[in-house]
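Read the figures in this text as sums done on the coordinates, not as results from a lab. Just so we're clear, the structure is a prediction, and the values are computed from it rather than from any experiment. All Cβ positions, even for glycine, are placed from backbone atoms using ideal geometry, and neighbour counts span all protein chains on display.
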Amino acid sequence: MRKSRLRRVRAAPLEVVWVNMAVTPEKALRLPRCPHCNAADPYLGLKTNFVEHDSQGNEKTWGIYVCGRCAGVVSAHWKAKGSFQSFPKLQQAVASSDIPERPRAFIQEAMGEDKPHSTCLLLASALDAMLKEKGLVTGSLFRRIQQATEGDAPLFTKSMAEWAHDIRLDANDHRHADPNAPLATMADARRLLEFTTMIAELLYVLPARVERGRAAAPVTEHATTLSR
């Protein structure tokens, strides 16, 4: 006689029941990163599991997992042993190819980093590299940010310069181990990543898109008249 595969689950606090499951969810979900906090090799422990049926009567086994670092919840539909589909989807962000190679490499590494201090330093390096790509190569980072706001065609608006100084100062706090500065959190790192990618968008990505759009647009009689 074929032996049933039973799985113990918690139905309610202090109550344990047994359900018959075609597929047994694993006790830990193996993902390269947490889809919530981006921690590498996270421990996603099984909290509960259950079976549901779709409108066609097909059985689906689900496991609910919690990240040991951020307490984010991940659900997984187990199709077979070792085969699952998890939600939310793990998406790897990719820095635009319109950004020059050196700053793009720093931004890309920061996107995959799960340590806030390392992220802050990488983003300051990306900012430094972007300014050098634009010809601002001498002086301190502070001075070059100021230079980016000067002249008839400044690279930075006042708000962009404030973003840049935020990136610079957060990196300085960790580079010099300022005892009075609070330790960075992943929320801080995500905020600085947003600032840095926005600066890269404004300096490189949007101008490149405009140029591609102009190149792809048909030449009209009106455009020809304007160029005369």
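Between 0 and 90 degrees, the angle of helix 101-111 with respect to the longest Cα principal axis of the chain falls at about 30 degrees. Take the Cβ-Cβ distance between His176 and Val94 as r, set R0 to 35 Å, and report the resulting FRET efficiency rounded to the nearest 0.05. About 0.65, to the nearest 0.05. Take the Cα of Ala80, step 7 Å toward its Cβ, do the same at Lys27, and the gap between the two points is 2.5 nm.
At the listed q of 0.13 Å⁻¹, the Debye profile of the chain, built from one uniform point per Cα, gives log10 I(q)/I(0) equal to -0.86. For the chain, what is the calculated [θ] at 222 nm in deg cm²/dmol (nearest 500), taking -39500 (n - 2.57) for each run of four or more DSSP H residues and dividing by its residue count? It lands at -12000 deg cm²/dmol. Taking 25 Å as the limit for the C-alpha separation, the pairs Lys60/Lys89; Lys132/Lys158; Lys89/Lys134; Lys27/Lys89; Lys89/Lys115 exceed it in the case of Lys89/Lys134.
Estimated at 0.36 nm per residue, the fully extended path between Ala153 and Lys134 surpasses their Cα-Cα distance by 5.6 nm. Fully extending the segment from Ala71 to Arg214 would add 46.8 nm, taking 0.36 nm per residue of separation and subtracting the current Cα-Cα distance. Taking only Cα atoms, what is the 0 to 90° angle, nearest 10, from helix 116-133's long axis to the longest principal axis of the chain? Relative to the chain, helix 116-133 is tipped by roughly 30 degrees. Students often forget the sequence filter, so: which aspartates and glutamates lie under 17 Å Cα-Cα from Lys79 once same-chain residues fewer than 8 apart are removed? Those aspartates and glutamates meeting the cut-off are Glu26, Glu52, Asp54, Glu59.
Expressed as a whole percent, the proportion of Cα-Cα pairs in region 101-213 lying more than 18 Å apart is 49%. The Cα center of region 191-209 and the Cα center of region 49-99 differ in position by 31 Å.
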